[in-house]
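S.K.: This is the structure I have questions about; it appears just below.
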Amino acid sequence: MSYVRRPLLQLLNRRHVLLTSSVGVQPLRSHSTEFRDSCYDGLYPGHIPTTSIQKALLAFGSGVAALQDPYRHDMVAVLGETTGHLALMNLRDMMKNDPEGHTILTERPRIRLSTLDLDLMSALPDGTLGREYIRFLKDNHVTPDSRADVKFVDNEELAYVMQRYREVHDLLHTLLGMPTNMLGEVAVKWFEAAQTGLPMCTLGAALGPLRLNARRLQKLLTVLGPWALQSGRQARCVLSVFYERRWEQSLEDLRRELNIQPAPVITSTSRKRNT
């Protein structure tokens with residue numbers, strides 16, 4: 001499929017170079033107000049305008065690339081931006097109708113290493129959101145700064161909603177108690193598909209199980225999957241939570257507030273101990 005990806009990547013690179021050279025665009029930084037205050041032409045820094053045909057080509061090419069390699073986060077990002085307009089509108093409306101979500105849309109906070117007090121969060125008691133989030137980042141060698149900036153969403157407010165979705169993804173892993181292995185990622189995608197309605201999440205939820213071995217697939221279909229779908233449907237909108245003001249809250253209390261049941265305990269049948 002390289003014949004599909006190469007022209008698409010050339011399109012991305014060419015349009016990005018032309019845009020940045022003509023208007024001096026700088027990548028989005030972690031400053032909480034930059035998404036709103038540094039706009040040009042009514043959009044946002046880094047925005048790459050595309051036609052409907054170009055979006056369709058980008059969606060197809062990025063979808064093929066993401067299917068071949070689910071860890072191509074750049075292609076997953078492009079797929080999400082070019083297919084998620086209606087879902088982003090629904091998420092934006094849910095946030096606007098929630099007092100805490102409305103505040104987020106107004107203040108535009110960013111979750112980046114530069115906005116996190118890592119020392120303070122690491123010193124919080126075990127079981128708090130901040131402490132467990134830092135533990136998740138360290139244990140899995142991930143960083144919120146790895147989340148790509150939005151480029152192809154043709155609405156500044158919806159672009160922020162997509163950016164917020166990306167930046168709370170690791171917090172969802174923390175809330176749901178899911179690791180970053182393939183089984184954990186697919187379980188989170190099932191939750192996100194039910195919660196957000198983003199086509200990218202639905203596609204990942206549908207095709208991700210194909211990459212699981214038989215034992216993990218059984219765990220997903222019989223235990224984790226039903227739990228993730230039910231939790232996603234019944235939980236409060238996870239984008240409407242101002243996590244940055246809740247680091248000291250216990251995970252147990254936050255899950256209860258959001259109506260998220262703890263992840264089911266999965267017992268392994270491959271190893272048996274004599275008691």
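The values are calculated or read from the model by the stated rules, or taken from the named source; none is laboratory data. Everything quoted here is computed from the prediction, not taken from an experiment. Reconstructed Cβ throughout: ideal geometry from the backbone, glycine too, with neighbour counts over all protein chains shown. Note: areas computed on protein heavy atoms with side chains; ligands, DNA, RNA excluded. Shrake-Rupley method; radii C 1.70, N 1.55, O 1.52, S 1.80 Å.
S.K.: Taking H placed 1.01 Å from N in the peptide plane, check which residues at least 5 places from THR128 or on another chain put their amide H under 5 Å from its amide H.
M.R.: It is LEU251, by chain and number.
S.K.: Whole percent per 10 Å bin, from 0 to the bin with the longest distance: what is P(r) over all C-alpha pairs of segment 52-258?
M.R.: Values per bin, smallest distances first: 8, 34, 39, 17, 2, 0.
S.K.: On to the next question. Viscosity 1.306 mPa s, temperature 10 °C: give me the Stokes-Einstein translational D for segment 165-275 in µm²/s, with Rh taken as the Kirkwood radius over C-alpha pairs.
M.R.: On the way: Rh = 14.7 Å.
In µm²/s, the coefficient is 108.
S.K.: How much of the accessible area of segment 52-258, in percent, comes from carbon and sulfur atoms when a 1.4 Å probe is used? Before the final figure, lay out the partial values.
M.R.: On the way: 4940 of 8810 Å².
C and S atoms contribute 56 percent here.
S.K.: With a 1.4 Å probe and all protein chains in place, put ARG216, ARG233 in order of accessible area, largest first. Please list the in-between numbers first.
M.R.: Numbers: ARG216 75, ARG233 170 Å².
From most exposed to least exposed: ARG233, ARG216.
S.K.: Given R₀ = 25 Å, what would the calculated FRET efficiency be for GLN234 paired with HIS73, taking r from the Cβ atoms and rounding to 0.05? All intermediate terms of the calculation are to be shown ahead of the outcome.
M.R.: On the way: r = 29 Å, r/R0 = 1.14.
That pair, GLN234 with HIS73, gives E of 0.30.
S.K.: Next question, about the same structure. Assuming R0 = 25 Å, can you tell me the calculated FRET efficiency for the pair ASP154 and LYS96, based on Cβ-Cβ distance, to the nearest 0.05? Can you show the working numbers first?
M.R.: On the way: r = 19 Å, r/R0 = 0.77.
The formula returns an efficiency of 0.85 here.
S.K.: Okay, moving on. Note the full-extension length gain between LEU221 and VAL142 as 0.36 nm times their separation in residues minus their Cα-Cα distance, in nm to one decimal. Mind dumping the intermediate values first?
M.R.: Numbers: separation 79, 0.36 × 79 = 28.44 nm, distance 2.73 nm.
25.7 nm is the gain from fully extending LEU221 to VAL142.
S.K.: Could you provide, to the nearest whole Å², the per residue accessible area of segment 52-258 with probe 1.4 Å?
M.R.: Solvent-accessible surface per residue comes out at 43 Å².
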